[in-house]
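Down below is the structure, laid out as structure tokens.
The values are calculated or read from the model by the stated rules, or taken from the named source; none is laboratory data. Keep in mind it's a predicted model, so treat the numbers as computed, not measured. Note: ideal-geometry Cβ built from the backbone for every residue, glycine included; neighbour counts use all protein chains shown.
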Amino acid sequence: MLKKETVLLIDVSNSFTKFATARNGFIGRVTRMPTTEITPKSFSVTKGKTDRAVISSVVPKIDNILSRSLTCPALWVDHRVQSGIRINYPKPSSIGADRLANAAAAVAGKKLPAIIVDFGTAVTFDVIDNDGYYLGGIIAPGLPTAASALHERTALLPMTRIRKISASVGKSTEEAIQIGLLLGAVGLVREAVTRIRKELFHGKKPILIATGGDAALVGKLALQDGGKAVFDRVDPLLTLRGLLVIAEKNP
């Protein structure tokens, strides 16, 4: 990538879309908005200011909007682009673009082996070995998805926002749901990592990198009352960093 080039990085997930421009290897101010609110005008502020775009998207409907509205060349991330990742997976085309971008960031950071945990609409675990091979992962419902399912599939449970908890026993229905979802997330991470370490790394500890909207909340909860950390690093910009890595590898 030319040093003077300005690249628009776009991460389209089911719930939120984040985008930022990058220049000289640095990511600028990040804009975040609900994906349902994306329109052809959403990226008008970048018109004429970017040389190209690199896009991670898991929402095909938004792909059409981006294709019509962007005025610069665009690289759509999939398993065929140069990313620095080696893929050991039966059907590489089925790996989400966001997961590939996260893996690219981890490999470029040379902190391997690694497990990446991304808290979004789904909670995804992606496993990369010491040689930079993407081995696969785990997908579970995200906290907002679980909260929504409880509300939609029951007659009386309210829609509940995920917030910081300070107790293990709720004094209201909302607190009980918040506690259940957050403790469940900490338990999921601990159990999944334990099993992955045993199965793939012979008990050795990989680097645990977390990203996504609820990552910091889950990480802090694990530390309450002297608990052990579940993550080595929380990086809310991991996906965008991965897109920048991919931009540099695909000039």
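Structure data summary
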item: Tabulated pairs, the range 60-87, first over 21 Å from V127 (Cβ atoms) and in contact (Cβ under 8 Å) with a residue 24 or more places away in the chain, second assigned to a loop (DSSP other than H, G, I, E, B) and acidic (D, E), C-beta under 8 angstrom, 6+ apart or interchain; result: C72/D51
item: Filter result for K18 (of a type outside the set (A, V, I, L, M), buried (at least 16 other Cβ atoms within 10 Å of the Cβ), farther than 22 Å from V127 by Cα and within 22 Å of the chain's Cα centre (by Cα)); result: yes
item: Among (1) under 17 Å from I246 (Cβ atoms); (2) of a type outside the set (A, V, I, L, M); (3) exposed (fewer than 15 other Cβ atoms within 10 Å of the Cβ) - the single one R32 does not satisfy; result: (1)
item: Top-ranked residue in the range 197-214 [being in contact with a Gly (Cβ under 7 Å, 6 or more places away or on another chain) and in contact (Cβ under 8 Å) with a residue 40 or more places away in the chain; ranked as farthest from I128 (Cα to Cα)]; result: G213
item: Subset of the range 218-241 that is of a type outside the set (V, I, T) and under 18 Å from K18 (Cβ atoms) - its residue that is surrounded by the fewest Cβ atoms within 10 Å (Cβ to Cβ); result: P236
item: Test: residue in the range 155-164 that is among the aliphatic types (A, V, I, L, M), within 20 Å of A222 (Cβ to Cβ) and either surrounded by 17 or more Cβ atoms within 10 Å (Cβ to Cβ) or assigned by TED's automatic domain parsing to the domain that holds I55 (or both); result: yes
item: Hits in the range 165-191 (condition: surrounded by fewer than 16 Cβ atoms within 10 Å (Cβ to Cβ) and β-branched (V, I, T)); result: V169, T173
item: Residue within the range 93-115 that is more than 24 Å from R233 (Cα to Cα), β-branched (V, I, T), modelled with pLDDT of 95 or more and crowded, with 16+ Cβ neighbours inside 10 Å present; result: no
item: Hits in the range 205-223 (condition: closer than 16 Å to L181 by Cα, over 11 Å from the mean Cα position of the chain (by Cα) and not hydrophobic (A, V, I, L, M, F, W, C)); result: G219, K220
